Amino acid sequence: MKTVNIHEAKTHLSRLVEEAAKGEAFVIAKAGKPMVKVVPLEKAPVEEPKKKRRIGFLKGQISVPDDFDTMFAKEIEEMFYGEHK
């Protein structure tokens, strides 16, 4: 198993991680003393392909009230400022 010093690991981290992912585990040492062992996951997680978003798929199925922008304005104002008398 390969041992690399911490400076080399920082400099070549991407390459070392790629090698580890392919099954080539390695040890990172500090001042010659082994500190950590980097090993591949047993099974790498597989990303699900993202589904495309369909624009307008709810068209005609929902409606927005005409007073949407002012709905509950009085209640909201009372929550922030207390009741107006």
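Bear in mind that the values in this text are calculations on the coordinates, not laboratory data. A quick note: this is a predicted structure, and the numbers were derived from the prediction, not measured. Using ideal geometry, Cβ is built from the backbone for each residue, glycine included, and neighbour counts are taken over all protein chains shown.
Quick notes on this structure:
- In the chain, lysine pairs with alpha-carbon atoms under 23 angstrom apart (chain gap of 8 or more, or interchain): 15
- Sorted by Cβ neighbour density within 10 Å, fewest at the top, the residues VAL64, VAL38, VAL27: VAL64, VAL27, VAL38
- The chain: antiparallel DSSP beta bridges as a percent of all, rounded to 5: 55 percent
- Scanning residues 5 or more positions from THR3 or on other chains, those with amide H under 5 Å from its amide H are VAL27, with H placed 1.01 Å from N in the peptide plane.
- Across segment 26-38, rounded Karplus estimates of 3J(HN,Hα) from the backbone phi angles (6.51 cos²θ - 1.76 cosθ + 1.60, θ = phi - 60°) give 8, 10, 9, 10, 10, 6, x, 9, x, 10, 9, 10, 9 Hz, Gly and Pro being marked x.
- Most mobile listed residue (LEU58, LEU16, LEU41) in the chain, GNM with C-alpha springs under 10 Å: LEU58
- Rounded to the nearest 20 debye, the dipole size of the chain about its Cα centre is 860 debye, using +1 on the Cβ of Lys and Arg and -1 on the Cβ of Asp and Glu.
- Computed P(r) (all Cα pairs; the chain; 5 Å bins; percent): 3, 10, 12, 9, 6, 5, 5, 5, 5, 5, 7, 12, 10, 5, 1, 0
- Model label sites at LYS2 and ILE55, defined 7 Å from Cα along the beta-carbon direction, differ in position by 4.8 nm.
- Among GLY60, GLY32, GLY23, the largest mean-square fluctuation in a Gaussian network model of the chain, built with springs joining Cα atoms closer than 10 Å, belongs to GLY60.
- Projecting the Cα positions of MET71, LEU16, MET1 onto the charge dipole of the chain (unit charges on Cβ atoms of Lys, Arg, Asp and Glu, taken about the Cα centre) puts MET1 furthest along the positive direction.
- Among GLU48, GLU19, GLU75, residue whose mean-square fluctuation peaks in a GNM of the chain (springs only between Cα atoms under 10 Å): GLU75
- Our helix-only sum for the chain, with -39,500 (n - 2.57) per DSSP H run of n ≥ 4 divided by its residues, gives a mean residue ellipticity at 222 nm of -7500 deg cm²/dmol.
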